[in-house]
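Okay, structure first, notes after.
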Amino acid sequence: MTTVESPVMPSMTPPLGLEPQQPPKVGRLVDQFEKGLDAPICLTWELTYACNLSCVHCLSSSGKRDPRELSTEQCKAIIDELQRMQVFYVNIGGGEPTVRPDFWELVDYATSHQVGVKFSTNGLRITPEVADRLAASDYVDVQISLDGATAEVNDNVRGPGSFDMAVRALENLANAGFKDAKISVVMTRENVSQLDDFKALADRYGATLRITRLRPSGRGADVWDDLHPLPEQQRELYDWLVAHGDNVLTGDSFFHLAAFSESGGSGLPGLNLCGAGRVVCLIDPIGDVYACPFAIHENFLAGNVTSEGGFQEIWQHSDLFTELREPQNAGACTKCQHFDACRGGCMAAKFFTGLPLAGPDPECVQGFGEELLAGDRTKPTANKDHSRGVPLTLMTRPPTRDCDENPLAGFAPTTASGCSSTNCC
Ligand code: SF4
Ligand code: SF4
């Protein structure tokens with residue numbers, strides 16, 4: 001759901017330790033990012049782990065609401081703090097964030113406190129009425145998740161009916177005059193060949209395509225071996241991005257592919273740097289703060305927003321984030337001719353595949369990751385799982401629960417989370 005890209009970047013406050021009255025240091029932006037900023041550029045906030053779907057690759061293993069979920073008042077206190085820190089924009093996700101009964105109240109509270117909102121949704125609640133309301137706001141952006149340009153490919157990973165639900169949401173937004181919704185696609189072995197179709201779909205609804213990398217995080221760890229793009233598809237993806245990247249958002253997803261560049265540069269737009277704890281972080285539904293949305297594991301837990309000093313203390317002074325802002329040991333990658341472009345790839349992808357953080361990405365385009373994957377390694381145990389029993393499996397398991405069979409099962413709100421099924425909340 002979540003990578004570094006922002007329609008506005010007003011939170012590019014000076015690097016930590018640089019007082020506002022001092023003249024700004026001259027230097028590359030990427031060097032400033034490496035040292036961390038006073039406030040995150042890309043703050044993801046997962047409001048709930050409750051979800052009407054059971055996507056096989058869900059990075060947060062969502063399904064059931066965590067009973068310790070932050071209250072409305074606690075969420076508003078976080079928004080107040082973000083306003084004080086001048087975080088002008090937050091990515092809200094989940095789970096399916098719109099199942100929270102106070103979702104729209106929190107969106108309104110954020111936008112009236114100078115904190116713009118982009119929220120990710122599977123489309124569940126984007127009715128014509130909601131679309132009208134969204135179209136009337138200048139401070140809310142909507143991102144519809146879709147992992148196949150056809151129902152067959154999409155529903156294989158996101159569940160039966162989820163393609164139709166997402167497309168209906170896009171139609172409602174377009175009919176309401178909502179400008180520039182995002183279609184967010186996780187690239188898999190099954191959908192790389194559909195890149196042109198995704199772009200056409202986005203164009204049809206006046207939307208912008210956003211593609212992200214499949215990380216082996218959450219339930220994604222269980223399907224990564226089967227779903228991550230093959231080496232030849234990585235090349236196909238790189239070539240497509242070089243040809244179309246100006247009109248497609250990618251955040252920091254594909255900087256490991258920059259090593260394909262023959263010019264020595266990246267050839268790709270976006271941040272070619274792991275921003276974890278530097279410009280990126282995650283607040284989860286109970287207020288825990290992690291270095292990155294794809295690193296929900298105790299090793300990357302920096303603190304909890306309800307502790308003394310709140311989010312600002314964690315962001316600016318936690319031991320973990322301070323450490324992540326130090327120069328990192330890149331191991332053998334420092335000898336690689338592509339290091340400046342690729343920087344050893346994604347920390348989360350290495351961690352959850354059991355590879356050393358000081359070394360190549362599992363999808364290193366030179367093949368070094370594959371060599372390491374074939375050797376001895378121990379994958380970390382997932383210690384955060386909110387799945388409703390067994391998630392969907394790729395084409396093989398028949399649905400066993402209301403929500404799996406019908407993604408609209410939660411549409412008539414009868415429970416606290418707004419879902420009519422008693423299975424997931
Ligand atoms: S670990 Fe770093 S590179 Fe990987 S998704 Fe997180 S911020 Fe991006
Ligand atoms: S060896 Fe390391 S720096 Fe070189 S391409 Fe592979 S992951 Fe990137």
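The values are calculated or read from the model by the stated rules, or taken from the named source; none is laboratory data. Everything numeric here is computed off the predicted structure, so don't read it as measured data. Here the Cβ positions follow ideal geometry from the backbone for every residue, glycine too, while neighbour counts run over all protein chains shown. Side chains are part of the model used for accessible areas, which takes the heavy atoms of the whole protein and leaves out ligands, DNA and RNA. Shrake-Rupley method; radii C 1.70, N 1.55, O 1.52, S 1.80 Å.
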(Q) Can you find, within the range 341-379, the residue that is most open to solvent (accessible area, probe 1.4 Å) among those that are under 23 Å from the mean Cα position of the chain (by Cα) and farther than 25 Å from HIS297 by Cα? (A) VAL365
Q. Looking only at strands (runs of 3 or more DSSP E) that fall completely inside the range 88-169, which ones have 1 or more residues that are open to solvent by less than 10 Å² (accessible area, probe 1.4 Å) and of a type in the set (Ser, Thr, Tyr)?
A. 116-121
(Q) Which residue is most open to solvent (accessible area, probe 1.4 Å), if the candidates are limited to the range 322-340 and must be more than 16 Å from ligand 2 (Cβ to nearest atom) and acidic (Asp, Glu)? (A) GLU323
**Q.** Residues (farther than 23 Å from PHE351 by Cβ, surrounded by 17 or more Cβ atoms within 10 Å (Cβ to Cβ) and at pLDDT below 90) located in the range 228-259
**A.** GLY245
Q | Condition met for SER253 (in contact (Cβ under 8 Å) with a residue 60 or more places away in the chain, in contact with a strand residue (DSSP E or B) (Cβ under 6 Å, 6 or more places away or on another chain) and within 16 Å of ligand 2 (Cβ to nearest atom)) | A | yes
Q | Those residues of the range 355-375 which are without any contact (Cβ under 8 Å) to a residue 40 or more places away in the chain and in a helix (DSSP H, G or I), in sequence order | A | PHE368, GLY369, GLU371, LEU372, LEU373
Q: Determine the pairs where a residue that is more than 18 Å from LEU324 (Cα to Cα), located within the range 337-354, has a partner that is near ligand 1 (Cβ under 10 Å from one of its atoms) with Cβ atoms under 7 Å apart, the partner being 6 or more residues away or on another chain.
A: ALA341/ASN272
Q. How many residues are open to solvent by 40 Å² or more (accessible area, probe 1.4 Å) and in a loop (DSSP other than H, G, I, E, B) when one looks only at the range 180-199?
A. 3
Q: Check off (1) open to solvent by 10 Å² or more (accessible area, probe 1.4 Å); (2) at pLDDT 95 or above for ALA291 and give me the number that stays unchecked.
A: (1)
**Q.** Residue within the range 200-215 that is of a type in the set (Gly, Ala, Ser) and touching a Gly at 6+ places or on another chain (Cβ under 7 Å) present
**A.** no
Q) Pairs under 7 Å by beta carbon, first residue touching a residue at least 12 places away in the same chain (Cβ under 8 Å) in the range 293-313, partner of a type in the set (Lys, Arg), six or more apart or different chains? A) PHE294/ARG215; ILE296/LYS384
Q. When residues of the range 214-227 are filtered for being open to solvent by less than 10 Å² (accessible area, probe 1.4 Å) and not in a loop (DSSP other than H, G, I, E, B), how many remain?
A. 3
Q) Can you name the number of the only condition in (1) open to solvent by less than 20 Å² (accessible area, probe 1.4 Å); (2) assigned to a helix (DSSP H, G or I); (3) touching a residue at least 24 places away in the same chain (Cβ under 8 Å) that ALA202 fails? A) (3)
